[in-house]
Amino acid sequence: MTTLSAGRAGNSRSGPWQRRWAMVFLVVLAPFTVDVLYGATTIGTAIAILAEIGSNGLDALLARAVAR
């Protein structure tokens, strides 16, 4: 049986930058998949993605935080 020391608890390969990039990717990808891929927002009105990041992206980030 192996034990983890206090300094190596959890996933030691995921540094703080890797977690931040995962959160940024989630915030940007959520509105893109919800709106653009399903046709609610066309590519021509791509500026609307910035508003959708505020609603859908941050909701996905909140759901991730609750799940963790």
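Report the net charge of residues surrounding residue 34, where surrounding means a beta-carbon distance below 10 angstrom and charges are Lys +1, Arg +1, Asp -1, Glu -1.
For residues surrounding residue 34, the net value is -3.
Which residues among the stretch 30-52 fall inside the zone where the amide N is under 19 Å from a point 7 Å beyond the Cα of residue 68, along Cα→Cβ?
The answer is 30-31, whose backbone nitrogens lie closer than 19 Å to the label point.
Residue by residue through the stretch 61-68, what is 3J(HN,Hα) from phi via Karplus (6.51 cos²θ - 1.76 cosθ + 1.60, θ = phi - 60°)? Round to whole Hz and write x for glycine and proline.
Once θ is set to phi - 60°, the couplings for the stretch 61-68 become 5, 5, 5, 5, 5, 5, 5, 6 Hz.
Under the rule of at least 5 residues apart or a separate chain, name every residue whose amide H is placed under 5 Å from the amide H of residue 41.
Those lying under 5 Å, H to H, from residue 41 are 36.
Every read-out reported here was derived from the displayed coordinates using simple, explicitly stated rules and does not represent laboratory data. Keep in mind that what you see is a predicted model, and the values were worked out from it rather than measured. Here the Cβ is made from the backbone with ideal geometry for all residues, glycine too, and neighbour counts use every protein chain on show.
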